[in-house]
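Here is the structure we will look at.
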Amino acid sequence: MLTPAKRIHHATDAHGTVILDVRSATWLMLGPDVSRIWQAIVTNGTTAGLADELAIPTGRDPHAVKQGIDSLVAQWRQDGVLADPTRTPRRRWWER
């Protein structure tokens, strides 16, 4: 299950989604397709089934779309935009 990190604020309208990372003061502007990925995570905590939803109506390969979605989600996790609240955070050396 994924959620936006605590430092992330976001807003969505008909044109896409805007994400603000208040810690680094950086903005992400997401277009309509990427915004659907973000909304699936915010709403459901997962992107399960989203590749078929995006690929089939446009004639794209669902497997390739899923790889793209997984890559994007992995990048967001690496950048700290997304967090997994079910994982126990790693203890830092000063918290021991």
Inset, instruction - From Met1, Met29, grab the single residue that is among the aliphatic types (A, V, I, L, M) and not in a strand (DSSP E or B). - result: Met1
Inset, instruction - Kindly indicate which of Ala51, Ala25 is closer than 22 Å to Ala64 by Cα and aliphatic (A, V, I, L, M). - result: Ala51
Legend entry - Checking Trp38 against (1) touching a strand residue (DSSP E or B) at 6+ places or on another chain (Cβ under 6 Å); (2) modelled with pLDDT under 95; (3) not acidic (Asp, Glu), the condition it does not meet: (2)
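Take the range 34-64 and flag every residue that is closer than 18 Å to Leu2 by Cβ, outside any loop (DSSP other than H, G, I, E, B) and over 10 Å from the mean Cα position of the chain (by Cα).
The answer is Thr43, Asn44, Leu50, Ala51, Glu53, Leu54.
The values are calculated or read from the model by the stated rules, or taken from the named source; none is laboratory data. Quantities reported herein were computed from a predicted structural model and do not represent experimental measurements. Virtual Cβ from ideal backbone geometry, glycine too; neighbours counted across all protein chains shown.
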